[in-house]
Ligand code: XMP
């Protein structure tokens, strides 16, 4: 895929962290591809990788259906780093012994180095590592050296410098392994001798080239929401095939102030994207009339979106590809089967049943959110768009508590706009992870110019978080809050009270509905 560049292959044995390993390699400025362990050796070698990383996996090497590889790969002289199952597999194939550990190791353990080795260059002699295994090496093959241990795992790391084979029982790719990034860097730079000249621009160029080849002269359709993921996906395709891509942007009337116009201006006027804006504001409001239950709101919005999208797509006729801005964490999240439904998330891009297309293209499916942002920047999207904070698919409908009418949405848009503007003025725009106003359904008594008022209460929410799964309320300075509150009650009609939400998630959620 990237013949002129250094390549590292992540060979997947079913490990849950394969994309995280790939991401670590990209972070180290080296191009990386994830391949199945079933890929024929000749095919892997033909890619001329600088190194290969074997992932972990749920199997045990002795099981009948345990994933195996052709031993030729181990004799190829290409440096290989095995992680967990990947390490055990090499030991097993080369004549060592893997046995059930006396004690299953799970969680943070102290990694003690027993030998100095380039794999552990600049790594502390004792550091925390993340373990998750039941089996481990009890006997190493000839020419293998133990490099590290933990209390219960005698071979936590090993090397065979003759065959360029290395292994770790712990997971260097996860955050909990203190020296993990350094160990992986050492493998890439000290052992594989990579130069590290890969950049996101290269990824953009290769992806665009691949999309060009795949799409040829066929037609592509994309649902554009103006959010980071769908915008980056659409721009990639646009740069690959121009007007063969048609984007449908459904304005549901639940967007922030001026947002619909901004999306249209940027993509249609500035980037000359083939964009159809569907003004479906009235339809959405009509469907939401009298609905107060948050889950019902979400379902109605999700369904209405699909119907509007379908109707518009049918006007275009048959398309060959449908683009989705799915990113890697979406794939992990939708794979979780046991989680209770707290909120049914609606993301633009749920699959329409009545659109005639042959195949889905997901150009971002291997990337993490911050990588998508970097990619967006590399292909020329403006900062305000790629740095955009999360905005839920159901939009302001879940920030107007209770029933939704246009007047309430308009009030909220004004209050939210003031909040956004003042956080920007205070230099907090990118410090607070997510912030927005909520129109509570609560009216309270106030006094304005000697007159009694009975108006709405606006709640302000501002949180710090890394992934939205947990969050804490952000300590916005009081004077900034005072100024925002003052502006809102003075500038937004029908509002006479402003409160700041000081609950973390859990027990609250970030959005109010
Ligand atoms: P909650 O409210 O569940 O939100 O704590 C966590 C994060 O997810 C966003 N969110 C959504 N995103 N569709 C989305 O794409 C949705 O339906 C949705 N609901 C919540 C929320 O803004 C926060 O960042």
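Read-outs throughout are calculated quantities, based only on the coordinates presented, and are distinct from any laboratory measurement. Since the model is a prediction, treat every value here as computed from it, not as a measurement. Glycine also receives a Cβ, built like all others from the backbone with ideal geometry; neighbour counts cover every protein chain displayed.
Just the number, please: Stokes-Einstein D of the chain in µm²/s, Kirkwood Rh from C-alpha pairs, 4 °C, 1.567 mPa s.
50 µm²/s
Using the count of nearby Cβ atoms within 10 Å as a rough guide to exposure, how do 175, 451 rank from fewest to most?
Fewest-to-most Cβ neighbours within 10 Å comes out as 451, 175.
If I take R0 = 56 Å and measure r between the Cβ atoms of residue 499 and residue 271 in this structure, what FRET efficiency does the formula 1/(1 + (r/R0)^6) give, to the nearest 0.05?
0.90
Order these by the 10 Å Cβ neighbour count, fewest first: 475, 277.
With the sparsest Cβ surroundings first, the list reads 475, 277.
Once you compute Rg and the Kirkwood Rh from C-alpha atoms, what is the Rg to Rh ratio for the stretch 206-338?
1.00
Can you give me the pair-distance distribution of the stretch 37-129, C-alpha pairs, 5 Å bins, whole percents?
Result, from short to long distances: 3, 10, 18, 21, 19, 15, 10, 4, 0 percent.
Given points 7 Å out from each Cα along the Cα-Cβ axis, report the residue 387 to residue 331 separation in nanometres with one decimal.
Roughly 3.0 nm, to one decimal.
Could you list 135, 419 so that the one with the fewest beta carbons within 10 Å of its beta carbon is first and the one with the most is last?
135, 419
Helix 294-316 versus the longest principal axis of the chain: what is the Cα-based angle in degrees, 0 to 90, to the nearest 10?
In the chain, helix 294-316 runs at an angle near 80 degrees to the longest axis.
Within 10 Å, count the other beta carbons around each residue, average over each peptide in 441-447, 53-59, and list them highest first.
53-59, 441-447
Over all distinct Cα pairs, what is the inverse of the mean 1/r for the stretch 450-513, reported as the Kirkwood hydrodynamic radius in Å?
That comes to 13.1 Å for the stretch 450-513.
On a 0 to 90° scale, report how tilted helix 18-27 is relative to the longest principal axis of the chain, with both axes built from alpha carbons and the result rounded to the nearest 10.
Relative to the chain, helix 18-27 is tipped by roughly 90 degrees.
For helix 406-425, what angle does its Cα long axis make with the longest principal axis of the chain, in degrees from 0 to 90 and rounded to 10?
Long axis of 406-425 versus the principal axis of the chain: about 60 degrees.
Contour minus end-to-end for residue 48 and residue 143, with contour as 0.36 nm per residue of separation and end-to-end as the Cα-Cα distance?
31.6 nm
What distance in nm lies between label points placed 7 Å from Cα along the C-beta direction at residue 104 and residue 199?
Going from the residue 104 label point to the residue 199 one covers 4.8 nm.
So how far apart, in nm, are the two label points at residue 97 and residue 121 if each is 7 Å from Cα heading toward Cβ?
With each label placed 7 Å out from Cα toward Cβ, I get 3.6 nm.
Give me the distance between the Cα centres of the stretch 145-169 and the stretch 366-421, rounded to whole Å.
Here the two parts' Cα centres lie 48 Å apart.
Ratio to report: Rg/Rh of the stretch 405-500, with Cα atoms as the point set and Rh obtained by the Kirkwood method; give two decimals.
That ratio is 0.99, to two decimals.
Using 14 Å as the cut-off for backbone N distance, which residues of the stretch 130-173 belong to the label zone defined by a point 7 Å from the Cα of residue 77 along Cα→Cβ?
162-165
Regarding the stretch 8-191, what whole-number volume in Å³ per residue does the convex hull of its Cα atoms give?
Per-residue hull volume (Cα only) is 100 Å³.
Enter the mean projected area of the convex hull around the alpha-carbon atoms of the stretch 153-253, in nm², rounded to one decimal.
Value for the stretch 153-253: 11.2 nm².
Based on the alpha-carbon gyration tensor of the stretch 1-69 and its eigenvalue square roots a ≥ b ≥ c, which shape applies: rounded if a/c is under 1.5, prolate if not and a/b is larger than b/c, or oblate?
Because a/c hits 1.5 or more and a/b fails to exceed b/c, the stretch 1-69 counts as oblate.
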